[in-house]
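I have a structure here, written as structure tokens, and I will follow up with some questions on it.
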Amino acid sequence: MRFSEVVDALERLERTSSRIQIVAILTNLFKRVVEQNKDIIDKVVYFIQGKLWPDWYGYPEIGIGEKGIIKAISLAAGVKEREVENLYKQLGDLGLVAERVLAKKPKTTGLLAFAKAKQEPLTFEKVYNTLKRIAFMQGEGSRDLKIKTLAGLLKEASPKEAKYIVRFVQGKLRLGVGDASIIEAIASLIGAPKEVVERAYNLRADLGAIAKMAVEEGIEALKRIKPQPGIPIRPMLAERLHDPVEILRKLGGKGLAEYKYDGERAQIHLLPNGKVVIYSRRLENITHSYPDVVQYAKSSLKAKEAIVEGEIVAVDPETGELRPFQELMHRRRKHDVHIAMKEIPVHVKLFDLMYVDGEDYTNKPLPVRRKKLEEILEPREEFNIATNKIVDNPEDLEKFFRQAIADGCEGLVVKAIHDKSIYQAGARGWLWIKYKRDYKSEMVEPVDLVVVGAFYGKGRRGGTFGALLMAGYDPEKDLFMTVCKVGSGFSDEELARLPELLKPYIIPNKHPRVYSNIKPDVWVQPALVAEIIGAEITLSPIHTCAKDEVETGSGLAIRFPRFIRWRPDKGPQEATTCKEIVEMYKSQLHKIEEKPEKV
Ligand code: ATP
């Protein structure tokens, strides 16, 4: 197919913003493709999306930067790079620059002109394959080779064609064509309702492949489409509400409340060949970042093939407590994933199952999907189901929400469990409702807390202590009440020094003035004071600080605590009091109330 036909469509798309016209132009273009070479329909679709293939293929990018494109244009047009650069400054669009300088190219005469006249017109296939070849040029000398190959392609193109090739390479096609318009055009091409194409795309996030199936196998094939391990499913998304009463009303009075973990969403595919692939929320292939998750999935999923979904969360290697999202991102940035894996271990909290051994579960209600998930899962600490609870009254929902916060989560996702509670791939709907707090409270003031217990270190911290149990002081009751377990913020020297530092204070049983529901590996007599900062103060079912004072049955906890320094100048009775911690908690609540609701 002539590339000029595609370019004509691109030009028309660029000139209109009418959705109806966009769909009509695309439908026409697709018709022409089918008439001439239907094998390339997928590639044409990707091209319109401004890509060579879906991102999740994990293939390399074209990889020519602005400077390289300028060089390629100058080579193709036989003008100085400086000239191209100056024109770029004036026009601000390298596509227009290419068009302009190539139009000015001196006319070829004589034999050359004859050869050029005989030259076959540039085809879409050639453009696509050349760009693909450029993308796969890797290693030494590849930069020059990429530029030369692009220059060769531009030489063969007309000025107008060059404009679009350059914009494509730059990732700036700017057609204003969304997936929805392409879906409509595919539907109108084969005379199918657009919902059929949409559903197929939601279950297999590869619009090119869907277009190909549509033209080769027709509507019925699209209707029969099921998820396929290896091809990501577009994720189901949640609506948001702030009121437990309203949440339950929306869900028909009852729902499955689940911890909303603050991590990275993972769609985990177990392929029939035993391989595991992980896709992110944006459907990028993130398998290489999580070799540990791959292993957990391989050993815990008892099926031939499956697609399950969960949240990857960072955990403290010492305390096993959840860590904030930033730490997970830290791990993603590390170059050596195997070192990162040790420093920042992760757990996976599973919450859905979409496909298993040939059967599509997306159209089954959530309780059925969960039952199947439990059936095929051999849980282990690192790979298990998200903490959850069936709730049917606002009080329970609120209580569970607070527990989730205290356990280091963002809040809850409350999910419908009625007969129609299907997995709505690619849609945001009321079957999932997120209930989270919308403020970012930083605990501005550090507190001084007393060590009352210690936990042995694991891994890198073997032979020393990995975390300390910390308490605030209640002068009225003359008790030390626990408020957090701190394992972060210690330097290597401080860690190494811990056994010696604690030794004089280690006692065989809990000190009579310590009130704790947590049993550490060793008890420590209240003596040492440390300055600690946390992210915020939350209600806690476990910690005893200010127990029953704010709410019956709950104490207060410091979330994400970090050690700052020792306070040898302070005795245990000079530590921050539980009353002060209650005040800090209350002032945080004011902050929440003052904060306007997000829309
Ligand atoms: P959205 O996904 O709604 O566009 P977002 O990307 O900002 O918004 P959040 O507001 O954090 O995400 O809420 C949805 C996300 O919560 C999911 O994409 C998922 O990664 C995460 N999540 C954590 N725990 C759960 C759970 N138990 N069930 C569903 N999602 C969960």
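The values are calculated or read from the model by the stated rules, or taken from the named source; none is laboratory data. Since the structure is predicted, the reported quantities are computational estimates derived from the model, not experimental observations. For neighbour counting, all protein chains shown are included, and Cβ atoms are generated from backbone atoms with ideal geometry for every residue, glycine included. Quick note on the areas: whole protein, heavy atoms, side chains included, nothing else; ligands and nucleic acids left out. Shrake-Rupley method; radii C 1.70, N 1.55, O 1.52, S 1.80 Å.
What does DSSP give for the chain in terms of the percent of beta bridges that are antiparallel, rounded to the nearest 5?
Percentage antiparallel, nearest 5: 85.
So who's got an amide H within less than 5 Å of the one on Thr577, skipping anything under 5 residues away but keeping other chains? H placed 1.01 Å off N, in plane.
Amide H to amide H, under 5 Å and 5 or more residues apart or across chains, Thr577 pairs with Tyr473.
Using a Förster distance of 41 angstrom, determine the FRET efficiency expected from the C-beta separation of Arg249 and Ile20, and round it to 0.05.
Efficiency computed from Cβ-Cβ geometry: 0.60.
Find how many whole Å separate the alpha carbon centroid of segment 550-569 from the alpha carbon centroid of segment 397-422.
Between the Cα centre of segment 397-422 and that of segment 550-569, the gap is 25 Å.
Okay, next question. What does the charge add up to near Ala416, with Lys and Arg as +1, Asp and Glu as -1, over the other residues with Cβ less than 10 Å from its Cβ?
On the way: positive: Lys250, Lys254, Lys415, Lys420; negative: Asp419.
Net of charged neighbours comes to +3.
Additional query: Below 8 Å between Cα atoms, with a sequence gap of 6+, how large is the relative contact order for segment 447-591 in percent?
That works out to 28 percent.
Under a plain spin-label model, where a point goes 7 Å from the Cα along Cα-to-Cβ, how far apart in nm are Asp357 and Tyr57?
In this crude label model, Asp357 to Tyr57 measures out at 3.4 nm.
Take the Cα pairs of the chain, get the Kirkwood Rh, then feed it into Stokes-Einstein at 37 °C and 0.692 mPa s and tell me D in µm²/s.
Rounded to a whole number, D works out at 117 µm²/s.
Using Cα-Cα distances under 8 Å and only pairs 6 or more residues apart, what relative contact order does the chain have, in percent? It would help to have the intermediate numbers written out before the result.
Details: 1136 pairs, mean separation 67.8, N = 599.
Over the chain, the number comes to 11 percent.
Express the relative contact order of segment 51-170 as a whole percentage, based on alpha carbon pairs under 8 Å and six or more residues apart in sequence.
45
When the Karplus curve 6.51 cos²θ - 1.76 cosθ + 1.60 is applied with θ = phi - 60°, which whole-Hz ³J(HN,Hα) does each residue of segment 72-85 get, with x for Gly and Pro?
Ordered by residue, 3J(HN,Hα) equals 4, 4, 5, 5, 5, 9, x, 10, 6, 4, 4, 4, 5, 4 Hz.
Percent of accessible area on the chain owned by carbon and sulfur, 1.4 Å probe?
Of all accessible area on the chain, carbon and sulfur atoms account for 50 percent.
Here's a follow-up. Of all beta bridges DSSP finds with both residues in segment 447-591, what is the antiparallel percent, to the nearest 5?
Taking every DSSP beta bridge within segment 447-591, about 90 percent pair in antiparallel fashion.
Using mean Cβ contacts within 10 Å as the protection proxy, how do 339-346, 261-268 order, highest first? Each step should come with its number before you reach the end.
Numbers: 339-346: 17.0, 261-268: 23.0.
In decreasing order of mean packing, 339-346, 261-268 become 261-268, 339-346.
Mind checking the angle between helix 578-594 and the chain's longest principal axis? C-alpha axes, 0 to 90 degrees, to the nearest 10.
So the helix axis and the longest Cα principal axis differ by about 30 degrees.
Taking 0.36 nm per intervening residue step and subtracting the Cα-Cα distance, what contour gain separates Phe325 from Arg240 on full extension? Write out the running numbers ahead of the final one.
Working: separation 85, 0.36 × 85 = 30.60 nm, distance 2.00 nm.
Additional length available on full extension: 28.6 nm.
Provide the gained length on full extension for the span Glu140 to Glu500, in nm with one decimal, where the gain is 0.36 nm per separating residue minus the Cα-Cα distance.
Net length gain for the segment: 124.2 nm.
Could you order peptides 149-157, 234-242 by the average number of other Cβ atoms within 10 Å of their residues, highest first? Intermediate results must be reported in sequence, preceding the final value.
On the way: 149-157: 20.3, 234-242: 17.2.
Descending mean neighbour count gives 149-157, 234-242.
Please determine, in degrees from 0 to 90 and to the nearest 10, the orientation of helix 179-190 with respect to the longest principal axis defined by the Cα atoms of the chain, where the helix direction is its Cα long axis.
On a 0 to 90 degree scale, this one is about 50.
Going by average Cβ density within 10 Å per residue, which order do the peptides 214-220, 350-356 take, highest to lowest?
Going by the mean number of other Cβ atoms within 10 Å, highest first, we get 350-356, 214-220.
How large is ³J(HN,Hα) for each residue in segment 240-252, as worked out from phi by the Karplus curve 6.51 cos²θ - 1.76 cosθ + 1.60 (θ = phi - 60°), to whole Hz, x for Gly and Pro?
Karplus-based 3J(HN,Hα) across segment 240-252 equals 10, 9, 10, 10, x, 5, 5, 4, 5, 4, 4, 8, x Hz.
Between helix 3-15 and the chain, what is the angle of the helix's C-alpha long axis to the longest principal axis, kept within 0 to 90° and rounded to the nearest 10?
Approximately 60 degrees, to the nearest 10.
Estimate the FRET efficiency between Lys148 and Ala427 by the formula 1/(1 + (r/R0)^6), using the beta-carbon distance for r and 45 Å for R0, to the nearest 0.05.
0.45
Report, in listed order, any pair from Lys43/Lys372; Lys250/Lys372; Lys31/Lys51 with a Cα-Cα distance greater than 30 Å.
Beyond 30 Å: Lys43/Lys372.
Moving on to the next point. Whole number in Å², please: accessible area per residue of the chain, 1.4 Å probe, ligands, DNA and RNA not counted.
With all protein chains present, the chain gives 47 Å² per residue.
Let me ask something else. Lys38 to Arg174: extension gain in nm, 0.36 nm per residue of separation minus the Cα-Cα distance?
46.4 nm
Also, quick follow-up: Looking at Pro324, Phe490, Ile507, which one has the Cα that reaches farthest to the positive end of the dipole of the chain (charges on Cβ: Lys, Arg +1; Asp, Glu -1)?
Pro324
Could you tell me the calculated FRET efficiency between Glu11 and Lys334, based on Cβ-Cβ distance and R0 = 45 angstrom, to the nearest 0.05? Spell out each step's value before the answer.
Working: r = 46 Å, r/R0 = 1.02.
Rounded to the nearest 0.05, the efficiency is 0.50.
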